[in-house]
Amino acid sequence: EAQVTQNPRYLITVTGKKLTVTCSQNMNHEYMSWYRQDPGLGLRQIYYSMNVEVTDKGDVPEGYKVSRKEKRNFPLILESPSPNQTSLYFCASSFGGGRVAQHFGDGTRLSIL
Amino acid sequence: AQSVAQPEDQVNVAEGNPLTVKCTYSVSGNPYLFWYVQYPNRGLQFLLKYITGDNLVKGSYGFEAEFNKSQTSFHLKKPSALVSDSALYFCAVRDMNNNAGNMLTFGGGTRVMVKP
């Protein structure tokens, strides 16, 4: 089954404790993205990657890091999480560029205390 | 810069009645436009898109949307709503001239409540 898998689905942690949210896709997609969803703001892009070792900032990259060492994986790293990063996070992937629909994971709800 | 506005936070409709979810956009060039739906505790699912061609686009689950360039709108419609259509709907746009990867800009979302 074609899917984008995120882990963990839920996480409560404390300020400053480094965490990683993993994202893996099994569709051989070149493009992968991370979004955060906040009420009334829709989805805002954090980082995206056009292929292995090619990443770039989205609209709200501050406080986040990503890496793309393998085509299927695109982890999101919060080096020193803060309460304003409490949010619902989605990973997405697609073939090609902006003409193509994205496939989304089921989301990761992060709470930073 | 590209932007999307969904002017209604919530739309309430009775089952069997027509459903419309509004979306307007702003881009410097020509747009790629998308509608996604989100059910509770799930990621976004693709409904339909406009890239070029016919202004009326048909998508999944009986939804359609009409691209109106003069009004810069891309409203989502369904002739007869079902209770199971209750969900959060997102409009998204990408400027064709935007070379920044496949960056999409999403609207704030519209919650649709269909009552029996």
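The values are calculated or read from the model by the stated rules, or taken from the named source; none is laboratory data. Given the structure is predicted, the values throughout are model-derived calculations rather than measurements. For neighbour counting, all protein chains shown are included, and Cβ atoms are generated from backbone atoms with ideal geometry for every residue, glycine included. Just so you know, the surface numbers come from the protein's heavy atoms only, side chains and all, with ligands and any DNA or RNA stripped out. Shrake-Rupley method; radii C 1.70, N 1.55, O 1.52, S 1.80 Å.
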**Report entry** Net charge contributed by nearby residues that have their C-beta within less than 11 Å of B:Phe34 (K/R +1, D/E -1)
**Finding:** +3
Query raised in the report: Rounded to a whole number, what is D in µm²/s for region B:43-109 from Stokes-Einstein with the Kirkwood radius over alpha-carbon pairs (37 °C, 0.692 mPa s)?
Result: 245
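Could you work out what % of the accessible surface of region B:1-95 is carbon and sulfur, using a 1.4 angstrom probe and leaving DNA, RNA and ligands out of the count? List each step's numbers first, then the result.
Values: 2050 of 4370 Å².
With neighbouring chains kept in place, the figure for region B:1-95 is 47 percent.
Add +1 for every Lys or Arg and -1 for every Asp or Glu among the other residues with Cβ under 14 Å from the Cβ of A:Gly40, and state the total.
Numbers: positive: A:Arg36, A:Arg44, B:Arg111; negative: A:Asp38, B:Glu8, B:Asp9.
Value of the local net charge: 0.
Relative to the compact-globule scaling 2.2 N^0.38 Å, provide the ratio for the alpha-carbon radius of gyration of region B:1-88. Present the calculation step by step, with values, prior to reporting the outcome.
On the way: Rg = 13.1 Å, N = 88, 2.2 N^0.38 = 12.1 Å.
Normalised Rg, Cα atoms only: 1.09.
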Query raised in the report: For chain B, what proportion of DSSP beta bridges, expressed in % and rounded to the nearest 5, is antiparallel?
Result: 85
**Report entry** Mean-position separation - Cα centroids, region B:51-116 and region B:3-18, in angstrom
**Finding:** 11
Report summary line: Nearest-0.05 FRET efficiency for A:Ser67 and A:Ile12 at R0 = 22 Å, using Cβ-Cβ distance, is 0.35
Report summary line: Ignoring ligands and nucleic acids, A:Ser33 exposes an accessible area, probe 1.4 Å, in Å² to the nearest 10, of 0
Query - Solvent-accessible surface (1.4 angstrom probe) belonging to A:His29, in square angstrom, nearest 10 - result: 10
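So how do B:Lys58, A:Lys65, A:Lys57 rank on accessible area, 1.4 Å probe, biggest first, that is with the largest at the start? Display every interim value, and only then the final one.
On the way: B:Lys58 145, A:Lys65 95, A:Lys57 125 Å².
Order by accessible area, largest first: B:Lys58, A:Lys57, A:Lys65.
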Query - Reduced Cα scattering model of the protein assembly as shown, Debye log10 I(q)/I(0), q = 0.15, 0.16 Å⁻¹ - result: -0.99, -1.11
Report summary line: Chains B and A: accessible area buried, summed over both chains, 1.4 Å probe, nearest 100 Å², reads 1900
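For the cross-link pairs A:Lys65/B:Lys58; A:Lys17/A:Lys71; A:Lys17/A:Lys69; A:Lys18/A:Lys69; A:Lys69/B:Lys22, which exceed 30 Å when the distance is taken from alpha carbon to alpha carbon?
Values: A:Lys65/B:Lys58 38 Å; A:Lys17/A:Lys71 27 Å; A:Lys17/A:Lys69 23 Å; A:Lys18/A:Lys69 20 Å; A:Lys69/B:Lys22 40 Å.
Check vs 30 Å cut-off fails for A:Lys65/B:Lys58; A:Lys69/B:Lys22.
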Query raised in the report: What is the spread of the Cα atoms of chain A along each of their three principal axes, largest first, in whole Å?
Result: 38, 30, 27
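Could you compute the FRET efficiency for B:Met113 and A:Lys57, with r as their C-beta to C-beta distance and R0 at 35 Å, rounded to 0.05?
Details: r = 36 Å, r/R0 = 1.04.
Computed FRET efficiency for B:Met113 and A:Lys57: 0.45.
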Report task. Provide the solvent-accessible area of A:Trp34, counting protein heavy atoms only and rolling a 1.4 Å probe, rounded to the nearest 10 Å². Result -> 0
